[in-house]
Amino acid sequence: MLRLENIDITLGKGTKLERKILNQLNIDVKEGEFVVVIGENGAGKSSLFNVISGFITPDSGKIFIMQRDVTSTSQLQRAKLISKVMQDPKIGTIENMTISENMAFALNRGQNRGLKLFTNRDRTSLFKEKLSMGNIGLENCLDEMVSNLSGGQRQILSIIMAMLQDSKILLLDEITAALDPASSEVIMKLTNQIVRKQKLTCIMITHNMNHAIQYADKILLLKNGTFIKEYGENDITTLTPFALAAEFDAI
């Protein structure tokens, strides 16, 4: 489904601040696979997502989605194939718009800007159906301003918005980092349920070792812009959060 080959990115070329942020990075993610990426700050996690989504073009290397070379395609062109949920729910939603308007905005993702947002009976039915997956009653609050929602409610809305289109790849960037433990568990269970049901290909960045082991089909450790260790399904079944944390601290 997604393959990156020998991706290199260097920032500040020719200056004292020159720094390689991705270094001959390779990754091969199968269709329907849930991959977790773990790495220290500055390891290249955000750059990895930026390359996949088309926000950054690599200096060298190739990016393939569904066996198609998309290395030179724009972020807008990839938007119909890739959805992303950020760690801060305020980034993934627009607080001065209603839930319904946010859903309409998400439905138009990947289309030319300037399209008028609107809802009709068909869209309202679709929005209610999708929002009901959150199991917190958002489907009954379409006209509620997003600014009135809690952080957990907004993150659930962000996740549902990200999955509103027929995206093939879902990128999750520390989606529970800004939430309390109880809300984090609700968010992860909901996300995993939707990902598995829709058979999405998912890559998640997290520092939560419990979540990594509980939900991943594969865990990758990232250091200095390249993957240095991989845990497959058989490894994960015997892996403990303590052992994974120790491995993480040792890199």
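The values are calculated or read from the model by the stated rules, or taken from the named source; none is laboratory data. None of the values given here were measured: they were computed from a predicted structure. We place every Cβ from the backbone using ideal geometry, glycine too, and count neighbours over all the protein chains shown.
Points worth noting:
Residue by residue, here is whether (1) modelled with pLDDT of 95 or more; (2) closer than 22 Å to residue 188 by Cα holds:
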| residue | (1), (2) |
| --- | --- |
| 3 | yes, no |
| 7 | yes, no |
| 14 | no, no |
| 17 | no, no |
| 28 | yes, no |
| 34 | yes, yes |
| 40 | no, yes |
| 45 | no, yes |
| 54 | no, no |
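- Residues located in segment 131-141, provided they are part of a helix (DSSP H, G or I), surrounded by 14 or more Cβ atoms within 10 Å (Cβ to Cβ) and either polar (S, T, N, Q) or at pLDDT 90 or above (or both): 131, 132, 138, 139
- Positions within segment 183-237 being under 14 Å from the mean Cα position of the chain (by Cα), within 22 Å of residue 150 (Cα to Cα) and of a type in the set (Ser, Thr, Tyr), in sequence order: 191, 206
- Entirely in segment 24-114, the strands (runs of 3 or more DSSP E) that have 1 or more residues that are closer than 12 Å to residue 4 by Cβ, in contact (Cβ under 8 Å) with a residue 24 or more places away in the chain and of a type in the set (Ser, Thr, Tyr): 60-65
- Given (1) of a type outside the set (Ser, Thr, Tyr); (2) more than 24 Å from the chain's Cα centre (by Cα); (3) modelled with pLDDT of 90 or more, index of the condition residue 117 fails: (3)
- Those residues of segment 89-114 which are among the charged types (D, E, K, R) and modelled with pLDDT under 85, in sequence order: 90, 109, 113
- Residue identified as farther than 26 Å from residue 206 by Cβ and under 17 Å from the mean Cα position of the chain (by Cα) among 76, 48, 81: 76
- Residue 10 satisfies every condition listed in (1) surrounded by fewer than 14 Cβ atoms within 10 Å (Cβ to Cβ); (2) in a strand (DSSP E or B) except (1).
- With respect to (1) more than 15 Å from the chain's Cα centre (by Cα); (2) on the phi > 0 side of the Ramachandran plot, the lone exception for residue 54 is condition (1).
- Per-region count, segment 28-39, residues farther than 15 Å from residue 219 by Cβ and either crowded, with 22+ Cβ neighbours inside 10 Å or of a type in the set (Asp, Glu) (or both): 1
- Put simply, of 188, 161 the only residue that is buried (at least 21 other Cβ atoms within 10 Å of the Cβ), in contact with a His (Cβ under 8 Å, 6 or more places away or on another chain) and assigned to a helix (DSSP H, G or I) is 188.
- Set 211, 207: member being buried (at least 20 other Cβ atoms within 10 Å of the Cβ) and at negative phi: 211
- Of all residues in segment 191-205, those satisfying the criterion of being among the hydrophobic types (A, V, I, L, M, F, W, C) and part of a helix (DSSP H, G or I) are 194, 195.
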